[in-house]
Every structure is written in C-alpha cells, then in structure tokens.
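Chemist: Just passing along the structure, written as structure tokens.
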Amino acid sequence: MKIIDCDACFGFRASGGPDVSLEALLDAERAQGIPYAMAYSIKSRAYDAREGNDDTLRAAQQHSELLPVATVDPRLGYKIEDEIARAAALGFVALRVFPELQGWQVDSQLFSRIVDACQEHSLPLMIAARTPGVASQVVRRAAHTDHPLVLLGAGYGTLGDALSAARERPNTLLSSSGFITPGVFEIAAEMIGVHNLVFGSGAPDSCIRPAVNMVIASDLSEHDKQRVLSGNVERIIAGQLVRLDKTLSADAAYERNRLAGPIIDVHGHLGSWPFPMRNPDSECLRSMMRRWGISKTILSHTKAIVNDFVEGNAELAEAIAGSDDLYGYVTVNPNYVEQSLREIDKYLHLPNFVGVKFHPGYATTSIDSDATARIAVHFAARKTPFLIHTWGAAEVAKIGRLAERFPELPIIMGHGGATGWREAIQVIKNTPNTYTEFCNSSVEPAKARTTIDAVGPSRVLFGTDAGLFDPAFCVGLYEEANLTPDEEHAILHDNAAKLFGF
C-alpha cells in the first residue's frame, strides 16, 4: 500500500511546542510506513519565502521521501509571480499559501494573482479551509481556472462548506486530514467524487496513524482507498515530478500496529450532530466497536448535552436498556440543580448507567461553581465516575480544585484537557482521584506517551468520542503511543473495568 502524505512541514517554530524538525518529520513518517510526504519549510511561511523554499528543495534533494512544496508571502505585494515561476521551474510539486497565519485575506486581489500564476505554470495550489467560509471564498476567486486546487484540513465544523465549494469547481480536491466523523469518506465521495480526495496528516504536529486509520476504516473499495492514499495526489503532481526528475516507487509496505482487545471506551455519544456524517444509532455504534475490538462503550446523549438533558437521558436509557456493550452517563446541567439531582436518582440505580457527565461549555457553567459542587456532593460518596468535558489549561485547573474538594469522587478529564494536556499531567500527580483520556480532533504525537511516562498507566483511560468521531481516528493516537503489553491491558481495559465496576 503506497501512501503520499500531502500535508506535512518541518523546521523551527518560534512559539515552541512539539518537535517539528526535519528529523522529527522523517522519523514520524518512516515509523508509520509512509514512503512520501509533501512538505514545506516553516521558515518559508514565517520568515522569508524564497529562503525557506531553498531550504525545502535542499531537504528534498537529500531525502528522496520528501516531495518539496513551495510558498509565497503576498504581503510583499510584488515579485509574487516571479517566485511562483521559479518554484515551478525547479520542480516543486505544489504551492501552499497561509492567509490564516500571515494575516491576509483570501478574498483579495493578492490571492487572485497567486491563483493566476499557478494556473500559468501548471502548479497545484494548496490552502487551509479550517475557517468557516474560506473554502467558498477560495473557489470563487479561482472559478475561472481549472488547475488542481487542494483544500486542507477542513474539519467537521467547516466540512460542509468545503464539500459544497469543491463541488462547484472542477479539479478542486479535499485533503482528509480533518476527516474524523463516521461515514465522512462515503459522504465526501458521493458529493465530489472519490477522485477528488487526497490523504493528509498534518505531521509532525499531528499523529499520522489516526488519519490513515480513517481511510482504512471507510467503506470505500480497496481500489478507491488506494486512490485516496496516493493515486489522486500522484496524478495532480505528475507534471512537477517530471520537472523534478523523480519517479515514485510502485509500492510500499504499511503495517498496522493493532491494539489488543477487549477494549472499554469511556467516552462516546448517541444522537445526531449537525455535520457531514452518518449519525450513528446503537447498531451503527456496535458495528464500529466490533471493527476496533471495543467490547463496551459508555455513552452520553447528544441531546442531553446540547439541548434538553432530561429528554436526552430518557432517550439514552431506552436505547441501552438490557445491553451488555452499551452503557450510559447521566448528563447533568448545573443551571438546573434540582432537576439534575432527580436525574441522578432516576438513572444511577439502573444497571446500564455507570457514570455522570457534565459539559461546561454547552451549559455555560464553571466546573468549580457552587452549582456544580451541589451536584457533585449528591453522588460523590457512591464513587461514581464523573466525566467532565475539559478543554484548556484554565479548565484543567478547575478540575484540580473540584478534585481536591471531593477527594472521594473519581473525575475523568474528557479530552485530557485538550490544549491543556501538559497541565493535566500536574493535576493527575497532585490529585489521586483524577483520570484522563485523549479523544480529540487535535492529536499531538507526544500527548499520550508523555502523559503515561509522567504519571504511569493506572489513571489513563481509553476514549474515542465515538458517535461524533469514528473510533478509528482516536484508536490511531493510542496505537502511536507504542504501549507496552502491561500498559495496553491497563489503559484499554483494566482501569475502566475497575473504575466503573464491570
């Protein structure tokens, strides 16, 4: 199986963060069996486009697995076309631009000049579509052209716009780096054709295996999967490969590092979401679970989180009654304390309800508010796990304060703090009743391994956000963590079995 990663970078980043050096990129791609990566130097977007492009070309000349991607910085206002012509002549396989990072607008004459120059020199153009409306702006500005245009990183919140925009302009392709929802490949293939889908990972900022897993887990034919993984992008860069005097090998090995089951997933959902996806019912969830060796999933209902928690809890109770694989969280809302207490009493005695769930973002109520504490005190003595959506360092700190206030209450940081995962490590060290799991659309490679090395495996759980995500995506994050057999048993099953009383 040959894979070409169209979304990669390397260099030095002034803001710090994960290692994004050339060595880190090469190691990451090689470790996951990815033979080719289309990559650009961070210097070219952050400092000087021409100097950075030269760095990229040198790296590609030294490492055959790198396919060089150039950029221009239109804020200069001049010589844009000259650098695009130079990049095309040197054999760069594509041009990528960064309005979201450099502060210029897609809906501008600057971008029109870039589009026209890429058309003139038959150079594929790549641009992120992570911001609402950007994909439509890009396509409008490029509507008079027909050269390849690749929209990168559209996630579930912007994918509807990206798919609709791509459908309006021939030769507009979507990278799969933001594809995480159930059925997303099938929906995208139906809307714009499988020939307009290409594989991307966002490496080395992001794990590679989650993105690969999503292609493999799709219901596309094996032939169409191969088109997504390499064939489509190889087609659009073929002319530039000739200029580069480069021939890609016909095949390459890719091996799965499959996790050993049975697995308990502590973070799932039942109910609809307003995104391009197959909204899974209980049978669809079970099908995804079987595919990835998940024996039990603990769910909250989407309606209970985003709308009416009483109605949502009731619908969840009906869906999971009597099952031995689907279990439930009672969702609470601190805006309605008395109703929340009644919901806890109504459901926690039932065999299929094993925890309590709270989403502070949708409820717009603080994790460490008095109202939250009034709910927590109601069931803390039962030692029933409390899953709380936790996003960012400030929310992680609130978890720490709540855990100190209720030391007998097991608290799970949903999403592991997300961007605050480093701060979450310290909270776990300081509070013996806190746990973490890593489901997140942003899969930073160091997150899982660094956390496990810092706190040990005993308070790390397995979570996928199943229902909103296809489990294939977050499974990849755990696969890349290179768990030892003992860590696998603890994190994938034993910790949750003990915590939830299975």
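Chemist: Just a yes or no: is a residue in the stretch 353-367 in the same structural domain as Glu315 (by TED's automatic domain parsing) and at positive phi?
Modeler: Yes; the residues of the stretch 353-367 include at least one that is in the same structural domain as Glu315 (by TED's automatic domain parsing) and at positive phi.
Chemist: Moving on. State which residue pairs qualify: first residue in contact (Cβ under 8 Å) with a residue 60 or more places away in the chain and assigned by TED's automatic domain parsing to the domain that holds Ser441 and inside the stretch 458-472, second residue in a strand (DSSP E or B) and small (Gly, Ala, Ser) in any location, beta carbons under 6 Å apart, and separation of 6 or more residues or different chains.
Modeler: Partner pairs satisfying both residue conditions: Ala466/Gly268; Gly467/Gly268.
Chemist: Also, I was wondering about something else. Out of the stretch 394-418, which residues are surrounded by fewer than 16 Cβ atoms within 10 Å (Cβ to Cβ) and either small (Gly, Ala, Ser) or within 24 Å of the chain's Cα centre (by Cα) (or both)?
Modeler: Ala394
Chemist: Restricting attention to the stretch 188-204, does a residue exist that is among the hydroxyl-bearing types (Ser, Thr, Tyr) and in contact with a Cys (Cβ under 9 Å, 6 or more places away or on another chain)?
Modeler: Checked against the condition, which is being among the hydroxyl-bearing types (Ser, Thr, Tyr) and in contact with a Cys (Cβ under 9 Å, 6 or more places away or on another chain), the stretch 188-204 yields at least one hit.
Chemist: Then there is this: Restricting attention to helices (runs of 4 or more DSSP H) lying wholly within the stretch 185-299, give those where 1 or more residues are among the β-branched types (Val, Ile, Thr) and surrounded by 15 or more Cβ atoms within 10 Å (Cβ to Cβ).
Modeler: Filter on the stretch 185-299 gives 209-217, 232-236.
Chemist: Residues that are under 20 Å from the mean Cα position of the chain (by Cα) and touching a residue at least 24 places away in the same chain (Cβ under 8 Å): list the strands (runs of 3 or more DSSP E) wholly contained in the stretch 3-71 that include at least 3 such residues.
Modeler: Numbers: elements: 4-10, 36-41, 66-70.
So the answer is 4-10, 36-41.
Chemist: In the stretch 293-316, which residues are among the hydrophobic types (A, V, I, L, M, F, W, C) and either in contact with a strand residue (DSSP E or B) (Cβ under 7 Å, 6 or more places away or on another chain) or free of Cβ contacts under 8 Å to residues at least 12 places away in the same chain (or both)?
Modeler: Ile294, Ile298, Leu299, Ala304, Ile305, Phe309, Ala314, Leu316
Chemist: How about the stretch 405-459: which of its residues are aromatic (Phe, Trp, Tyr) and part of a loop (DSSP other than H, G, I, E, B)?
Modeler: Listed by number, the residues that qualify are Phe406, Phe438.
Chemist: Any residue that is over 19 Å from Val266 (Cβ atoms) and not hydroxyl-bearing (Ser, Thr, Tyr) - is there at least one of those in the stretch 451-472? So that I can check it myself, show each step before the final result.
Modeler: If we filter the stretch 451-472 for residues that are over 19 Å from Val266 (Cβ atoms), which is where we start, we get 453-454.
This time we only want the ones that are not hydroxyl-bearing (Ser, Thr, Tyr), so: 453-454.
Yes, the conditions are met somewhere in the stretch 451-472.
Chemist: Only one of Ala454, Ala497, Ala490, Ala446 is of a type in the set (A, V, I, L, M, F, W, C) and buried (at least 19 other Cβ atoms within 10 Å of the Cβ); which?
Modeler: Unique residue meeting the criteria: Ala490.
Chemist: Okay, moving on. Out of Gly91, Gly133, Gly103, which single residue is surrounded by fewer than 24 Cβ atoms within 10 Å (Cβ to Cβ) and either aliphatic (A, V, I, L, M) or farther than 30 Å from Ile180 by Cβ (or both)?
Modeler: The conditions single out Gly91.
The values are calculated or read from the model by the stated rules, or taken from the named source; none is laboratory data. Not measured: the values here are computed from a predicted model. Neighbour counts are summed over all protein chains in view; Cβ atoms, including those assigned to glycine, are modelled from backbone coordinates with ideal geometry.
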